[in-house]
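**Student:** Structure below; questions to follow.
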Amino acid sequence: MTVRVPMWRWFAPVPMLAGVALIALTCALGRWQLSRAHERIERQARIVALENAPAQRITAQPVTADSVTASWRWKMRPPNASLLNL
C-alpha cells in the first residue's frame with residue numbers, strides 16, 4: 001500500500017528556505033572564486049611585467065643613521081639593552 005504525501009509537505013518552508021540559502025551561498029562563493037582568479041591573473045601580469053622591465057640602477061649613496069627608520073622593537077628598547085633581550 002502506497003501512502004500519499006500531501007503536496008504542501010514537499011514545499012514546507014524550512015527545507016525550501018534552506019535550499020534557497022544554499023543556492024545563494026553557492027552563487028556568492030562562485031563569484032568570490034572568480035574575483036580571486038581575476039586578482040591572481042592581474043598579479044601574474046604584474047610579475048611578468050616586472051621580470052621584463054629593464055634593471056634599475058642602484059647607487060651607493062651614504063646613509064645616515066637618522067634617515068633609517070627603526071622598527072618598533074628598536075624604539076621600545078633602551079639604547080644600552082642587549083640584542084638578546086628582545
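The values are calculated or read from the model by the stated rules, or taken from the named source; none is laboratory data. No experiment lies behind these values; they were computed from the predicted model shown. Cβ coordinates were reconstructed from backbone atoms using ideal geometry, including for glycine residues, and neighbour counts include every protein chain displayed.
**Student:** In the list Leu17, Leu25, which residue meets the criterion of being modelled with pLDDT of 95 or more, part of a helix (DSSP H, G or I) and surrounded by 10 or more Cβ atoms within 10 Å (Cβ to Cβ)?
**Tutor:** The match here is Leu25.
**Student:** So Ala37 ticks every box in (1) part of a helix (DSSP H, G or I); (2) loosely packed, with under 10 Cβ neighbours inside 10 Å but one. Which box is left unticked?
**Tutor:** Result: Ala37 passes all but (2).
**Student:** So if I check each of Ser35, Ser71, which one is modelled with pLDDT of 90 or more and among the hydroxyl-bearing types (Ser, Thr, Tyr)?
**Tutor:** Going through Ser35, Ser71 in turn, just one is modelled with pLDDT of 90 or more and among the hydroxyl-bearing types (Ser, Thr, Tyr): Ser35.
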